[in-house]
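Read through the structure below, which is laid out as structure tokens, and then see the notes.
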Amino acid sequence: MTAESANNAGFGQLKRSFGVLQLTMISVGATLGTGILVILGDAVPVAGPAIWIAFVLAGVTALLSAVSYAEMAGMVPVSGSSYSYSYATMGEGVAWICGWCLILEYAVSAAAVAVGAGQYVNQTLEIFGLDLPASLASGPVDGGVINLPALLTVVAATLLLARGARESAVANTVMVMVKIAILVFFSVVAFTAFDAGNFAPLLPMGAAGVSAAASMVFFSFIGFDAASTAGEEAKNPQRDMPRSIIISMVLVTTVYVLVAVAAIGARNWQWFEGAQAALVMIVSEVTGQPWVVLIFALASVIAIVSVVLTTLYGQTRILMTMGRDGLVPKAFAKVSTKTHTPVVGTLIVGTAVAITASLIPLGELAEATSIGTLFAFALVGVAVIFLRRTQPDAPRTFKVPFYPLTPLLGIAACLFLMFNLGSNTWIVFGIWMAVGFIVYLGYGRKNSRLGALAKETYRETLKTK
């Protein structure tokens, strides 16, 4: 459903206010900082000093998918990301599967990142000899009652997002600048303690360790497609969305590799075992200045809030599009005439994410997010191939280079990383997809626009007989 038809249907229309800078900042905001700030301590022991190679491998996989996203974003410039692309090419059923996976990508990753913010708050307090009560520092799985910092992070992002897209974009741009600054600052600090000996042996866990770590750190690249959820709010979506996706991927991958090399150079890879908020700990040990650590930790929390903000943004826009198509309740599709945002959908999503973040630990959320995202990315590659075959002469503002090799490699890389994830992740994914299948048959298929059209056609047929 286009923006205009959505408005005519009574859902309300979003306001076009984003240029290429804002779109790029949305993608960078949803991506940059997540893995480096949150899960580095989990990934380094798996890959060893070759963690930077794992980031390169994950980045190349994401880039292969990014160019497919760029082509589809230029052809189908609407909100909804890969859900909309699948809908336009492969139909409602496949689109539902993709949309259900995107809930894993956006909503669950927002919860996972918020848990990471909680870790940074706790680590900062410990440096100053303080700590949160155990009951407020983590959820029931980790022996606490509720992760209060994670809860407050999601609430703050939700309230900001509900105020308006333009206000959120301005705040996000500022926060992205802050996170780039602190990651560059960290690299400078870490390189003052650089020891080339920390890179030997490069592959203590072998190539299998690098592959497994790449599957883990792929979580770090989740969100680069966030610009593709802003099609209805972009001033010139056909031109600017492809550009913003490619620019954000190149920038994010470069920064990740730089920080990973700096971190390993500063500390032996075995030091990272069990380290939470590893970058804060390195800054603390290298500088020995509590005030520097405090500023860095606070800036890190701000950086993480920007990820939560933009991933929540993406999720609400995807659900808004699915609501317009009737696959989820129409409450998600209603746009406020005052703020020009889906306020009700934003509050519903924010509440669900806040509850999840406050109760479930990071590791379980991160891997579940990765598998859903990889599946959705693979579907975008399929969509590119499908449209090239069925609509070869359709106008395209961006074309995937080296077609069909690039989308095929993107699909293969996504499947490769999926199969490197643990069995528990696959079990969770299987359960998630089974629940999605039940929801689709029980609600989506009965209430969808296509279903309504089919029923109307059937009634008209009966009348003529």
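The values are calculated or read from the model by the stated rules, or taken from the named source; none is laboratory data. Note that the structure is a prediction, hence the values are computed from the model and not measured. When we count neighbours, we look across all protein chains shown, and the Cβ atoms used for this are built from the backbone with ideal geometry, even at glycine.
When Ile295 is evaluated against the numbered criteria (1) of a type outside the set (D, E, K, R); (2) surrounded by fewer than 19 Cβ atoms within 10 Å (Cβ to Cβ); (3) farther than 26 Å from Ala157 by Cβ, which criterion, by number, is the only one it fails? Condition (3) is where Ile295 drops out. Criterion applied to Leu387, Leu450, Leu421, Leu374 was being in a loop (DSSP other than H, G, I, E, B), surrounded by 11 or more Cβ atoms within 10 Å (Cβ to Cβ) and at pLDDT below 90, and the one residue passing it is Leu421.
Pairs linking a residue in region 81-105 that is surrounded by fewer than 22 Cβ atoms within 10 Å (Cβ to Cβ) to a residue that is assigned to a loop (DSSP other than H, G, I, E, B) and of a type in the set (Asp, Glu), with Cβ atoms under 8 Å and 6 or more positions apart or on different chains, are Glu92/Asp325.
Among the residues making up region 233-255, those that are of a type outside the set (A, V, I, L, M, F, W, C), surrounded by fewer than 24 Cβ atoms within 10 Å (Cβ to Cβ) and more than 13 Å from Leu57 (Cα to Cα) are Lys235, Asn236, Gln238, Arg239, Arg243. Could you check, for region 227-238, whether at least one of its residues is in a helix (DSSP H, G or I) and touching a Lys or Arg at 6+ places or on another chain (Cβ under 7 Å)? Yes; the residues of region 227-238 include at least one that is in a helix (DSSP H, G or I) and touching a Lys or Arg at 6+ places or on another chain (Cβ under 7 Å).
Residues in region 33-48 that are modelled with pLDDT of 80 or more and surrounded by 24 or more Cβ atoms within 10 Å (Cβ to Cβ) were compared, and the one that is nearest to Gly422 (Cα to Cα) is Ala43. Please verify whether Val176 is at pLDDT 75 or above, crowded, with 18+ Cβ neighbours inside 10 Å, in contact with a Pro (Cβ under 9 Å, 6 or more places away or on another chain) and hydrophobic (A, V, I, L, M, F, W, C), treating the condition exactly as stated. Against the criterion (at pLDDT 75 or above, crowded, with 18+ Cβ neighbours inside 10 Å, in contact with a Pro (Cβ under 9 Å, 6 or more places away or on another chain) and hydrophobic (A, V, I, L, M, F, W, C)), Val176 does not qualify. Here Ser284, Ser300 are screened, and the one residue that is crowded, with 21+ Cβ neighbours inside 10 Å and touching a Leu at 6+ places or on another chain (Cβ under 6 Å) is Ser300.
Sort through Ser244, Ser248, Ser284 and tell me the only one that's at negative phi, more than 27 Å from the chain's Cα centre (by Cα) and not basic (Lys, Arg).
Testing whether each residue is at negative phi, more than 27 Å from the chain's Cα centre (by Cα) and not basic (Lys, Arg) leaves just Ser284.
Restricting region 323-348 to residues that are of a type in the set (Ser, Thr, Tyr) and surrounded by 24 or more Cβ atoms within 10 Å (Cβ to Cβ) leaves a set whose member that is modelled with the highest pLDDT is Thr346.
The single condition among (1) surrounded by fewer than 23 Cβ atoms within 10 Å (Cβ to Cβ); (2) closer than 25 Å to Met25 by Cα; (3) in contact (Cβ under 8 Å) with a residue 60 or more places away in the chain; (4) over 15 Å from the mean Cα position of the chain (by Cα) that Met320 does not satisfy is (1). Here Ser168, Ser135 are screened, and the one residue that is polar (S, T, N, Q), on the phi < 0 side of the Ramachandran plot and without any contact (Cβ under 8 Å) to a residue 12 or more places away in the chain is Ser135.
Does Thr254 satisfy the criteria of being of a type outside the set (D, E, K, R), modelled with pLDDT under 85, out of contact with any Asp or Glu (no Cβ under 9 Å at 6 or more places or on another chain) and under 28 Å from Leu102 (Cβ atoms)? No, not satisfied. The set of residues from region 323-346 being closer than 23 Å to Gly29 by Cβ and not in a loop (DSSP other than H, G, I, E, B) comprises Phe332, Val343, Gly345, Thr346.
Being surrounded by 24 or more Cβ atoms within 10 Å (Cβ to Cβ) and among the charged types (D, E, K, R) is a condition met by no residue of region 185-198.
The number of residues in region 80-128 being in a helix (DSSP H, G or I) and more than 20 Å from the chain's Cα centre (by Cα) comes to 14.
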